[in-house]
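K.L.:
Pasting a structure below so you can have a look.
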Amino acid sequence: TMADVWGRMALRLANAELHPFDQPGYADRVARFVDDLARVEGVAGHLDLAPLRQAVTDWRRAAGQFAARSAAALTATGPDRARRLDQLNAVQRQVERLFILPDGLPGRPWFRHALYAPKYTYAAMEFPGVRGAVDQGRWDEAGRELGRLVDRVRAVTAALAGGER
């Protein structure tokens, strides 16, 4: 069954004029991760989530605008259509790369994604740098990791906002 799923996905990606990634949906999902983090005991008293909330709000706005530009490019005609689609695809590929933390997570540098990583139990963890520090009560580290996360979200927002105008 999984071979069938992966095969269909590969065909869909290979045959799409524009990569079928839901940028607004991605930003919406991460906004829910922020809400989940805010409900963790101790977070309200130790971390200011306002910069993260603002960064995600800006990302959501940029993602919606990017989706509108993508829809317009798909229905466009003319000699520059292929160039526009290529630019939009390049931005979408860049988005996931921008979530990579060059130095990795504290204590686990082999995990480098700012949004997702497994816990030590291999269960999924959102915002692993922040959440790992919070779970261990290391609030200074959680604050630093929160800053790195905000930086990555802002970079994604800038990429989506600047991609193919």
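The values are calculated or read from the model by the stated rules, or taken from the named source; none is laboratory data. All values reported here derive from a predicted model rather than from experimental measurement. No Cβ is skipped: glycine too gets one built from the backbone with ideal geometry, and neighbour counts run over all protein chains shown. Note: areas computed on protein heavy atoms with side chains; ligands, DNA, RNA excluded. Shrake-Rupley method; radii C 1.70, N 1.55, O 1.52, S 1.80 Å.
K.L.:
Given (1) part of a helix (DSSP H, G or I); (2) open to solvent by less than 50 Å² (accessible area, probe 1.4 Å); (3) touching a residue at least 40 places away in the same chain (Cβ under 8 Å), where does Arg148 come up short, assuming only one miss?
P.N.:
The single condition Arg148 does not satisfy is (2).
K.L.:
Then there's this: So which helices (runs of 4 or more DSSP H) stay within the stretch 1-102 end to end and still have 2 or more residues that are polar (S, T, N, Q) and without any contact (Cβ under 8 Å) to a residue 40 or more places away in the chain?
P.N.:
Working: elements: 2-15, 23-38, 43-46, 50-75, 81-98.
Once the helices (runs of 4 or more DSSP H) in the stretch 1-102 are filtered for at least 2 residues that are polar (S, T, N, Q) and without any contact (Cβ under 8 Å) to a residue 40 or more places away in the chain, what remains is 50-75.
K.L.:
Let me ask something else. Take the conditions of a type outside the set (Ser, Thr, Tyr), under 14 Å from the mean Cα position of the chain (by Cα) and open to solvent by 40 Å² or more (accessible area, probe 1.4 Å) and apply them to Arg112. Does it pass?
P.N.:
Details: of a type outside the set (Ser, Thr, Tyr): yes; under 14 Å from the mean Cα position of the chain (by Cα): yes; open to solvent by 40 Å² or more (accessible area, probe 1.4 Å): yes.
Criteria met by Arg112.
K.L.:
Given the structure, is Leu105 in contact with a helix residue (DSSP H, G or I) (Cβ under 6 Å, 6 or more places away or on another chain) and either in contact (Cβ under 8 Å) with a residue 60 or more places away in the chain or buried (at least 18 other Cβ atoms within 10 Å of the Cβ) (or both)?
P.N.:
Working: in contact with a helix residue (DSSP H, G or I) (Cβ under 6 Å, 6 or more places away or on another chain): yes; either in contact (Cβ under 8 Å) with a residue 60 or more places away in the chain or buried (at least 18 other Cβ atoms within 10 Å of the Cβ) (or both): yes.
It is true that Leu105 is in contact with a helix residue (DSSP H, G or I) (Cβ under 6 Å, 6 or more places away or on another chain) and either in contact (Cβ under 8 Å) with a residue 60 or more places away in the chain or buried (at least 18 other Cβ atoms within 10 Å of the Cβ) (or both).
K.L.:
Can we say Val134 is assigned to a helix (DSSP H, G or I), open to solvent by less than 40 Å² (accessible area, probe 1.4 Å), closer than 24 Å to Gly25 by Cβ and not small (Gly, Ala, Ser)?
P.N.:
Details: assigned to a helix (DSSP H, G or I): yes; open to solvent by less than 40 Å² (accessible area, probe 1.4 Å): yes; closer than 24 Å to Gly25 by Cβ: no; not small (Gly, Ala, Ser): yes.
For Val134, the condition - assigned to a helix (DSSP H, G or I), open to solvent by less than 40 Å² (accessible area, probe 1.4 Å), closer than 24 Å to Gly25 by Cβ and not small (Gly, Ala, Ser) - is not met.
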